[in-house]
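Trainee: Just dropping this structure here.
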Amino acid sequence: MAHFDENAKPFSAKWLDERLALTTVSKVLAFEYWIPKNINFLWAMGMVLAVTFGVLLVSGIFLLMYYQPSVDTAFDSVNYTIMTEVGYGWLWRHIHGVGASLVFLIIYIHMFTGIYYGSYKRGREMIWLSGMLLFVLFSAEAFSGYMLPWGQMSYWAGMVITNLFSGGSLEAYGLVEWIRGDYVPGQAFLTRFFMLHVFLLPLVIIGGIVFHFATLRLPHVNNQDGENFDFEEAAELYKAGKVKESKVIPFQPVFLSKDVFVMGVYFILFFYLVFYNFDFAMDPVNFDPADGLSTPAHIYPEWYFLWSYEILRPFSKDFGLIAFGIAQVIFLALPFLDRSPNVAPASKRGLFNIWFWLMLLDVLVLTFMGKLPPTDATFAFIGLVAAILFFVLWIALPFITKIEKKL
């Protein structure tokens, strides 16, 4: 009688491990991926962002089952079919809408946390650059999704944003028509943005997230003190029990448990907004069907684009377009404009601390001003000053960090 070898089962864990190196992968990415111990809850924002994107994917799939990408039926399929005829369709739409807004709140918290703690410095430039690439991709994904309900603000925001590609005085309207597929937003326009939103951009974002997490593997994650030490040596001392208090902890299960706790608190807020305050994520003007013959009194983007939109408004056609373009990419240059060798919290970096808080306050002012109609002279002046200050701060950054004392 032949002996049955338990280890020879074709789909056993050992069989998979021999072919996919699952044990090695789990060590590299989880159990022996070392995280600094002295970091706070703000470092969980990356995982919160990834999970929120997952929620957007799932809710988007449910909405996709009933959405009709046609200029004749898109509005009704969203506001009537999904909201009233489909069981719990309203819930999935609220989840998707709230998630789309909160994902940018998390991005901005994550981004300014990185700036405050200098997480873009000392060999971590690719972490920052890949993160800013994800910001651009999420922005494109959000804009393309904003077009799909085919309401008044969808239509006219699409009209205004695509007009930016005319290049001001260059009047490259042929390029604008090529993007739209027509002289004005229509069926070709809606179909193209539908494809971008549900297929192409999500695939690229998933790839971007994988790349961003890969850049975090080496060099290691920064910490709130900016302390630089040998992770491998600290890990060996931790595993050997030779230190009373280790400087590092394993990602799984220690740090991941902290991530899960933060996500638990976050989803309490998330579902509170979904059930009780979802209207902040849904523009009332967009509950009117798209009408190319009726321009809204005030056209504006979603709140997470308002700061860059306000940079565009105060200036002339050409200069405003140049300022808007620079504002979209200037954060990418941060690792190269910060000339200080110090990796430390902004609170320990003198003038940079003032620069950071002025930049954060300025972006908030630009956001508030961007929502207001450009008819009030006082608010228009405040917006102009805030837009000028934005560029003054970036021009000053290399100089104030160059004279910064080494810590």
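The values are calculated or read from the model by the stated rules, or taken from the named source; none is laboratory data. Predicted model, so just to flag it, every value in this text is computed and none were measured. Neighbour counts run over all protein chains shown; Cβ positions are idealised from the backbone, glycine included.
Trainee: State whether the residues of the stretch 196-212 include one that is at pLDDT below 85 and exposed (fewer than 15 other Cβ atoms within 10 Å of the Cβ).
Mentor: Within the stretch 196-212 (the criterion being at pLDDT below 85 and exposed (fewer than 15 other Cβ atoms within 10 Å of the Cβ)), the answer is no, since none of the residues qualifies.
Trainee: Scan Tyr120, Tyr183, Tyr146, Tyr155 and give me the residue that is of a type in the set (Phe, Trp, Tyr), assigned to a helix (DSSP H, G or I) and in contact with a helix residue (DSSP H, G or I) (Cβ under 7 Å, 6 or more places away or on another chain).
Mentor: Exactly one of Tyr120, Tyr183, Tyr146, Tyr155 is of a type in the set (Phe, Trp, Tyr), assigned to a helix (DSSP H, G or I) and in contact with a helix residue (DSSP H, G or I) (Cβ under 7 Å, 6 or more places away or on another chain), namely Tyr146.
Trainee: How about the stretch 61-84: which of its residues are part of a helix (DSSP H, G or I), within 17 Å of Gly99 (Cβ to Cβ) and touching a residue at least 12 places away in the same chain (Cβ under 8 Å)?
Mentor: Across the stretch 61-84, the qualifying residues are Phe62, Leu63, Leu64, Val78, Ile82.
Trainee: Against the condition hydroxyl-bearing (Ser, Thr, Tyr), in a loop (DSSP other than H, G, I, E, B) and out of contact with any Gly (no Cβ under 7 Å at 6 or more places or on another chain), how does Ser308 come out, does it pass?
Mentor: Here the answer is no, as Ser308 does not meet what is asked.
Trainee: Then there's this: Read through the list (1) assigned to a loop (DSSP other than H, G, I, E, B); (2) modelled with pLDDT under 90, then give the number of the only condition that Gln252 fails.
Mentor: (1)
Trainee: Which residue out of Leu137, Leu164 is at pLDDT 95 or above and under 24 Å from the mean Cα position of the chain (by Cα)?
Mentor: Leu137
Trainee: Quick one: is Met65 surrounded by 15 or more Cβ atoms within 10 Å (Cβ to Cβ) and either closer than 23 Å to Gly208 by Cβ or at pLDDT 85 or above (or both)?
Mentor: So Met65 fails the test.
Trainee: Could you pull out the residue among Ser316, Ser308, Ser340 that is surrounded by 18 or more Cβ atoms within 10 Å (Cβ to Cβ), outside the structural domain of Trp92 (by TED's automatic domain parsing), more than 21 Å from Leu364 (Cα to Cα) and not basic (Lys, Arg)?
Mentor: Ser340
Trainee: Quick one: is Asn223 polar (S, T, N, Q), touching a residue at least 40 places away in the same chain (Cβ under 8 Å) and in contact with a strand residue (DSSP E or B) (Cβ under 8 Å, 6 or more places away or on another chain)?
Mentor: It is true that Asn223 is polar (S, T, N, Q), touching a residue at least 40 places away in the same chain (Cβ under 8 Å) and in contact with a strand residue (DSSP E or B) (Cβ under 8 Å, 6 or more places away or on another chain).
Trainee: Now for a separate question. For Leu134, state whether it is hydrophobic (A, V, I, L, M, F, W, C) and either farther than 19 Å from Trp394 by Cα or in the same structural domain as Val329 (by TED's automatic domain parsing) (or both).
Mentor: Against the criterion (hydrophobic (A, V, I, L, M, F, W, C) and either farther than 19 Å from Trp394 by Cα or in the same structural domain as Val329 (by TED's automatic domain parsing) (or both)), Leu134 qualifies.
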